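Each remark here refers to the structure printed beneath this line.
We did not get these values from a lab; they are worked out from the coordinates using the rules stated. Quantities reported herein were computed from a predicted structural model and do not represent experimental measurements. Using ideal geometry, Cβ is built from the backbone for each residue, glycine included, and neighbour counts are taken over all protein chains shown.
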Protein chains: 2
Amino acid sequence: MRHHRSDVVEHAIAVLDAYGLADLTMRRLASELDVRPSALYHHFANKQTLLAAVADELLARGLRPVDEGEWDVRLTQAASQVRDALLAWRDGAELVATVHAFGLGGRAAYDHVAEALEGCGLDEQWRATAARTVLHLVFGHATAEQTHVQASSAGAIDGEVAAVDDFSDGLSLVVAGIRAEVDSRRAS
Amino acid sequence: MRHHRSDVVEHAIAVLDAYGLADLTMRRLASELDVRPSALYHHFANKQTLLAAVADELLARGLRPVDEGEWDVRLTQAASQVRDALLAWRDGAELVATVHAFGLGGRAAYDHVAEALEGCGLDEQWRATAARTVLHLVFGHATAEQTHVQASSAGAIDGEVAAVDDFSDGLSLVVAGIRAEVDSRRAS
DNA sequence: ACCTGAACACCGTTCAAGT
DNA sequence: ACCTGAACACCGTTCAAGT
């Protein structure tokens, strides 16, 4: 019953999806792997590092190349992909947002969004600001949506639909703001 | 040595600011109040409820009425006030963002931003979406900035200045997006 | 109304030692 | 390389009982 790093990450994702982030403890994960808690520290320096690896894996599983085309379509697709990657697992948004805020992992999300903005006509500084703004919306919205699974079963369906619409509306707001900046650069 | 709810909240803010959110534990707070941990449960049902009260108090201390004027100026001022209210205390952004995501408190932040959008020409649905988008930016940006106090002392000053600029640039992006939506409504 | 005492069921992490 | 055993220093929460 000996394991590799990848086994640990895989089981961690399973625990996350089945029991939620609060129950993804080192002790719980260890018992799921049929191992003592201290064994996990052979694979990861600490829990934060393990969570960062889990976050990176969630993103790696959810992100694929965005289609060629105009920057605004690409950006919308990239942001939606990140969102979907987070929402695909229980507490996925909170996990990735926490890891990202801590500065350890989740870098792939930023890169994915930033790449879609290349060649939009803004300089690197503005593209970075725009990418971070989009990412804050994606993380914040997905976290709020995922944490708010405290609705009635009837209302939950309406709530989900409303959340999808609200996200795409919010994203269109940010995209419109970026477009205004792009146009002002083109005019001058 | 008997205390009221307000004493507990006040001491909780002091512990937060001095030691950070991770060290704001029920046991730590109790010992700071010279009381057994179980005594806290006479004032609050659980830790989440206590944190919600702390978040509300932080916002109450930082928010004041925004000036009369155009919606975009008011919105910028409101968003900056929320941001400043969070940054005024150690881990203030993470605390309020967490409480807000959990849906218990921090409602004042949304109300403050939403109020600035009244009379901008958008219907209530769009104003709510715009307010949430701004709030995601404020929370996300402030949390990232506050968590990233892991720079060299020399670089830290530059980092702070850069963060302020990046926030106001990101905010101007969102404001421009809202303006585009306002103008499209006016045209039709 | 506000607090104590004592317990319950947990955490993350370290480290010497085993195979 | 990977794991055990045993410990250390913590958590949030409950509840009968005290004043």
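What the table shows:
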quantity: ³J(HN,Hα), Karplus 6.51/-1.76/1.60, whole Hz, each residue of region A:177-188, x for Gly, Pro; calculated: x, 5, 4, 4, 5, 4, 5, 5, 6, 5, 6, 8
quantity: Position B:D17, label points 7 Å along Cα→Cβ, spacing to each other copy in nm (shortest first, one decimal); calculated: 4.6
quantity: Candidates A:A30, A:A78, A:A109, ranked by Gaussian network fluctuation over chain A, Cα under 10 Å, top entry; calculated: A:A30
quantity: For region A:5-44, fraction of C-alpha pairs farther apart than 13 Å, in %; calculated: 42
quantity: For chain A, built as a Gaussian network whose Cα springs stay under 10 Å, the top-fluctuating residue of A:G105, A:G92, A:G159; calculated: A:G159
quantity: The protein assembly as shown, Cα convex hull volume normalised per residue, Å³; calculated: 176
quantity: Between region B:22-57 and region A:1-56, the alpha-carbon center distance in angstrom; calculated: 30
quantity: Between 0 and 90°, nearest 10: helix A:71-87 axis offset from chain A longest Cα axis; calculated: 20
quantity: Spread of Cα-to-Cα distances over 5 Å intervals beginning at zero, given as percent, for chain B; calculated: 1, 8, 15, 17, 16, 13, 11, 8, 5, 3, 1, 0, 0, 0
quantity: Average Cα contact separation per residue, region B:96-188, under 8 Å, 6 or more apart, as relative contact order %; calculated: 30
quantity: Low-density loop cleavage sites - GluC sites (Glu not before Pro) in region B:56-108, where at most 12 other Cβ are within 10 Å (DSSP); calculated: B:E68, B:E70
quantity: Taking chain B and dividing mean pair separation by its residue count, relative contact order in percent (alpha carbons under 8 Å, at least six apart); calculated: 19
